[in-house]
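The values are calculated or read from the model by the stated rules, or taken from the named source; none is laboratory data. Given the structure is predicted, the values throughout are model-derived calculations rather than measurements. When we count neighbours, we look across all protein chains shown, and the Cβ atoms used for this are built from the backbone with ideal geometry, even at glycine.
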Amino acid sequence: MLSQTVSLSTDGSALIMTRNVCAEFRGSLYLGLSLLLLISLASCLPEFKHPIPPPPELKADQQILGTWVRTTKKGSKEQLSIFPRSSGWTDVVYISGIDSKESQDGINVAVFEGYSASVNKQRFLCFRLREKDVHEAEKEIGGFGYRIANYETPGNGTLIVKLFSMEKAKELVKEGKLKGEIVKQGQYFDKVTITSSSEELVEAVSREGLGAFVEPGEDDVLVFSRGVAR
């Protein structure tokens with residue numbers, strides 16, 4: 001717990017200073033905890049320097065707004081809450097580790113910003129760490145570019161999210177179908193950064209199809225239902 005002793009001046013300036021220090025501490029603590037989750041995410045998803053471009057008249061996709069939940073194969077819950085901005089962008093709050101039996105440390109929370117785009121009637125969410133958090137993230141993980149996910153809303157209260165796969169991205173780069181960099185970051189993890197232009201990326205998605213970017217396994221295809229985790 002942060003503790004600071006101050007003398008309260010007659011105009012209350014010391015009290016204001018204390019509040020500012022506490023607010024700054026809470027913000028730093030939140031960002032530090034979020035970065036732990038972001039580092040984990042950065043190690044398993046490819047980064048795109050130039051994402052699928054947004055449409056000329058950008059609007060938040062009403063079909064995905066609200067709160068969604070899923071139960072993992074280990075029995076813990078995940079919650080995804082998506083909020084609209086007046087600009088057409090969305091704020092995405094991802095909460096994992098709810099009711100986890102393996103950890104006593106509580107939930108993990110990460111906040112992203114992004115927008116919906118489409119290629120050949122397929123819908124995609126391009127998302128990144130919020131702009132106001134980027135500078136702190138750069139100190140920890142060398143920046144945080146865009147990640148991309150395909151999504152579907154079948155109409156039965158279900159949201160299906162298909163994350164672009166690290167392994168698929170590596171294959172596309174090695175085969176020369178996308179430009180990019182593959183950097184070894186340990187025995188088990190690589191960092192894959194796609195440097196192709198937005199136009200080249202859209203052309204590759206159109207040409208290769210969704211299967212060239214998404215693995216069929218449970219780790220890459222997430223099925224959410226409407227609701228709030230309890």
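Please enumerate the residues belonging to segment 78-91 that are without any contact (Cβ under 8 Å) to a residue 24 or more places away in the chain and either out of contact with any strand residue (DSSP E or B) (no Cβ under 9 Å at 6 or more places or on another chain) or of a type in the set (D, E, K, R) (or both).
Ser86
Could you list all residues from segment 158-180 that are part of a loop (DSSP other than H, G, I, E, B) and surrounded by fewer than 20 Cβ atoms within 10 Å (Cβ to Cβ)?
Across segment 158-180, the qualifying residues are Glu175, Gly176, Lys177, Lys179.
If you go through segment 153-168 one residue at a time, do you hit one that is farther than 19 Å from Leu129 by Cβ, of a type in the set (S, T, N, Q) and more than 20 Å from the chain's Cα centre (by Cα)? Explain how you work it out, then say what you get.
Just the residues of segment 153-168 that are farther than 19 Å from Leu129 by Cβ, to begin with: 153-160, 162, 165, 167-168.
Next, only the ones that are of a type in the set (S, T, N, Q) stay: 153, 156, 158, 165.
Checking which are more than 20 Å from the chain's Cα centre (by Cα) leaves us with 156.
The answer is yes; a qualifying residue exists.
Could you tell me whether any residue of segment 92-110 is touching a strand residue (DSSP E or B) at 6+ places or on another chain (Cβ under 6 Å), surrounded by 15 or more Cβ atoms within 10 Å (Cβ to Cβ), at pLDDT 95 or above and not small (Gly, Ala, Ser)?
yes
Taking the options Ala204, Ala137, Ala169, Ala212, name whichever one is among the small types (Gly, Ala, Ser), modelled with pLDDT of 95 or more and touching a strand residue (DSSP E or B) at 6+ places or on another chain (Cβ under 7 Å).
Ala169 is the lone residue from the list that is among the small types (Gly, Ala, Ser), modelled with pLDDT of 95 or more and touching a strand residue (DSSP E or B) at 6+ places or on another chain (Cβ under 7 Å).
Per-residue answers, yes or no, for (1) more than 18 Å from Asp220 (Cα to Cα); (2) in a loop (DSSP other than H, G, I, E, B):
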| site | (1), (2) |
| --- | --- |
| Arg70 | no, no |
| Lys73 | no, yes |
| Phe83 | yes, no |
| Ser87 | yes, yes |
| Ser96 | no, no |
| Lys101 | yes, yes |
| Val109 | yes, no |
| Tyr115 | yes, no |
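From the list Val202, Val183, exactly one residue is farther than 26 Å from Ile98 by Cβ, in a strand (DSSP E or B) and more than 20 Å from the chain's Cα centre (by Cα). Which is it?
Of Val202, Val183, the one residue that is farther than 26 Å from Ile98 by Cβ, in a strand (DSSP E or B) and more than 20 Å from the chain's Cα centre (by Cα) is Val183.
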